[in-house]
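Worksheet: the structure to be examined is printed underneath.
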Amino acid sequence: MNPGKVFKVSMAGMFALLFLIASAQADLYFETEQVSRGIPGQPDGTALLKQYFSSDATMIDLGDRITIMNFKEKMVYDLEKASRTYTSNAMDKMGMESFGIEVEGEEQNALLQTMMKTMAQNSKVTPTSEIKTIAGYKCRKYVIDIMMTSSQYWVTRDFTGYDEMKSIAERAAQAFMNNPLMRQTNVLGMMKELDGYPVLTITQIMNGTITSTLKKTEQKKLDPSLFKVPAGYKMVRQ
């Protein structure tokens with residue numbers, strides 16, 4: 001056997017392995033356009049959501065605000081850019097304030113857990129046979145009913161980085177393990193049931209509508225500092 005040939009094959013195998021490792025560790029960057037119309041207490045408008053995904057955390061930049069979800073710490077950080085302040089909440093508690101529920105102290109009592117489970121169980125994900133191409137992606141329609149809202153989710157698996165997104169969604173689902181409500185109302189928590197990621201969502205809330213359209217997907221390595229509270233921000237509530 002030619003030693004030089006063996007060396008070349010080994011080098012080729014090593015480079016292939018390094019490529020696979022780099023691909024498996026790649027992060028994701030998405031841009032989504034969100035249009036709000038007729039939502040009570042909220043002005044009509046259009047916003048661009050910049051979404052950053054890594055294996056351990058996600059960050060959503062809303063322009064004036066930032067939300068960071070850290071799956072390792074199981075914490076959520078909400079940042080306000082203008083005042084350079086932020087709040088932090090455990091993922092187990094996330095979402096309770098929307099219903100006026102105090103989560104300090106005895107948040108893990110049986111009554112609260114039962115209520116959260118009941119809300120989650122009342123949500124319904126219904127697949128349909130409708131297929132169409134949206135923004136260049138082949139999508140399937142799902143109907144989602146959660147409490148007083150009804151949504152159409154047009155989801156796809158047709159983008160580079162889908163396997164990475166599935167892995168991130170699994171980490172998110174584990175982080176929300178003790179929060180069944182958020183597991184059912186967060187897109188990452190629902191990905192297994194949806195069998196894809198939403199390209200278009202249309203949500204009816206009372207007499208209003210929120211429409212979100214995926215505009216860009218990119219697979220690349222992201223700066224880890226994106227998923228941390230920047231220096232100079234002051235915590236105003238925990």
Extending each Cα 7 Å along its Cβ direction at Ile202 and Val229, get the distance between those two points in nm, one decimal. 4.0
7 Å from Cα along Cα→Cβ at both Lys50 and Glu73: what's the point-to-point distance in nm? 2.1
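Under the 0.36 nm per residue contour assumption, what length would be gained going from the current alpha-carbon distance of Arg84 and Glu33 to full extension?
This chain segment gains 15.9 nm when fully extended.
FYI, it's all coordinate maths here, none of it is from the lab. This is a predicted model, so every value here is computed, not measured. Note that each Cβ is placed from the backbone with ideal geometry, even for glycine, and that neighbours are counted across all protein chains shown.
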